[in-house]
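See structure below.
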Amino acid sequence: NAGVTQTPKFRILKIGQSMTLQCTQDMNHNYMYWYRQDPGMGLKLIYYSVGAGITDKGEVPNGYNVSRSTTEDFPLRLELAAPSQTSVYFCASIPGGGYEQYFGPGTRLTVT
Amino acid sequence: KNEVEQSPQNLTAQEGEFITINCSYSVGISALHWLQQHPGGGIVSLFMLSSGKKKHGRLIATINIQEKHSSLHITASHPRDSAVYICAAGGGSQGNLIFGKGTKLSVKP
């Protein structure tokens, strides 16, 4: 199994541009999460999904959107990039509640 | 006050030393997680525990539910243990976690 994969690894965006961060897992996990990690801060939950067709907001959802049309994929969309969205983004998954999380390698995004 | 607090923020040790990282939380939890973030950025889960103690190799994690406190111990530390160690409090059926800011450990040879 490849586990949780994320693309791209790095990206530089101009203010106002849009992009989609891709996340795919091949472990048939129901639950998936998007986090952002800012320097000196703990990981913050952006959005999560407990199954295909179901998504919910986390702690810091503003400026982002997600969809979950399949069990495997959980893309994160930035519509109008802002400098405040400069961060490292991690996707994670678990089989269900009460399990250890499997993390992707992260996407480092810079908005200038 | 953050809901999950870790101490120390930074820790430098000599190879072979016994290391302790502490985590206190103020929320109700179903499990406490310890994670390791490598210098390259990848994050792996080390432990998930809801009571008592767990051990993997040189790593030991303990939790005291009444005191809302957990510790991660590393015995016979090695330079390859250099990483950021993150504590996270988990609650609820959706598996959501609240993360501490991490402890940066550097082990010198």
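We did not get these values from a lab; they are worked out from the coordinates using the rules stated. Nothing here was measured: the structure is a model prediction, and the numbers come from that model. Every residue, glycine among them, receives a Cβ derived from its backbone with ideal geometry; neighbour counts consider all protein chains shown.
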Per principal axis, largest first, the Cα atoms of region A:62-105 extend in Å by 34, 22, 17
Expressed in µm² per second, the diffusion coefficient of the protein assembly as shown from the Stokes-Einstein equation, with Rh the Kirkwood radius over alpha carbon pairs, at 10 °C and 1.306 mPa s, is 89
Partner lysines whose C-alpha sits under 26 Å from that of B:K53, ignoring same-chain residues fewer than 8 away, are B:K68, B:K101, B:K104
For the protein assembly as shown, the dipole about the Cα centre with charges only on Cβ (Lys and Arg +1, Asp and Glu -1), to the nearest 20 debye, works out at 320
P(r) over all Cα-Cα pairs of chain B, 5 Å bins from 0 to the longest distance, whole percent per bin, short to long, reads 2, 13, 24, 26, 19, 10, 4, 1, 0
Taking every DSSP bridge whose two residues both lie in chain B, the antiparallel percent to the nearest 5 is 90
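Please report the relative contact order for region A:9-112, taking Cα pairs under 8 Å with a sequence separation of at least 6, and give it as a percent rounded to a whole number.
37
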Residue by residue through region A:86-97, the couplings from Karplus 6.51 cos²θ - 1.76 cosθ + 1.60 with θ = phi - 60°, in Hz, x for Gly and Pro, are 5, 5, 9, 10, 10, 9, 9, 8, 9, x, x, x
Env charge @ A:Q17, Cβ radius under 13 Å, K,R +1 / D,E -1, value +2
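Report, please, the projected area of chain A averaged over directions, based on the convex hull of its C-alpha atoms, in nm². Write down the numbers at each step before the final one.
Numbers: hull surface 25.7 nm².
About 6.4 nm², averaged over all directions.
With an 8 Å Cα cut-off and a minimum separation of 6 or more residues, compute the relative contact order for chain B in percent. Intermediate results must be reported in sequence, preceding the final value.
Working: 273 pairs, mean separation 40.5, N = 109.
Dividing the mean separation by the residue count of chain B yields 37 percent.
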Partner aspartates and glutamates whose C-alpha sits under 20 Å from that of B:K108, ignoring same-chain residues fewer than 8 away, are B:E15, B:E17, B:D81
